[in-house]
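Derivation of every value follows stated rules applied to the coordinates shown; laboratory data play no part. This one's a predicted model, so the numbers in the text were calculated from it and none came from an experiment. As a convention, Cβ positions derive from the backbone with ideal geometry for all residues, glycine included, and neighbour counts pool all protein chains shown.
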Amino acid sequence: MGLKVSKHRVDHGEGSFLVAGISGVVDLFTSPKLWTELVVEEIDEGAFLVVLDLERVESLDHHGLGVLAGALARVRANGGALALAGVGETVLDALELARFDEIIPIADTVEEAIAMASGEEPAP
């Protein structure tokens with residue numbers, strides 16, 4: 001299965017979040033597409049508030065983790081924030097193994113991820 005990225009904006013507070021819904025497998029073959037669509041086309045063009053909806057990601061290998069690390073570095077270098085939403089068990093295992101869960105906020109929903117990235121406490 002290939003990789004698909006859908007993107008839309010969500011206004012929140014004083015900023016506009018890029019919400020990127022990713023579906024498929026993120027690996028050696030698909031990570032260049034994710035890098036281009038997320039980092040080159042969005043973050044490098046000024047999208048520094050980012051939520052990645054990973055609900056439909058089947059698996060994520062170290063190439064995908066590299067894309068996340070690069071995206072996080074560029075977002076933070078510009079004073080922004082990145083959070084993850086809808087992370088399934090398989091993807092969460094990869095994130096925890098690489099300890100990404102310690103540096104990137106992970107929420108159940110896009111709305112909670114936006115709140116976390118904004119420095120707000122998610123609603124109970």
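A few notes on this one:
- Of the residues A77, S59, L95, the one whose Cα sits farthest towards the positive end of the charge dipole of segment 34-115 is A77 (charges of +1 on Lys and Arg Cβ, -1 on Asp and Glu Cβ, taken about the Cα centre).
- One Cα centroid belongs to segment 102-120, the other to segment 11-88; the line between them spans 13 Å.
- Segment 1-60 - convex hull of the alpha-carbon atoms, volume per residue in Å³: 71
- Cα convex hull of segment 79-124 - mean projected area over all directions, nm²: 3.4
- Label positions at S118 and V10, each projected 7 Å from the Cα along the C-beta direction, are separated by 0.9 nm.
- For segment 13-124: rounded, prolate or oblate by the Cα gyration tensor [a/c cutoff 1.5]: oblate
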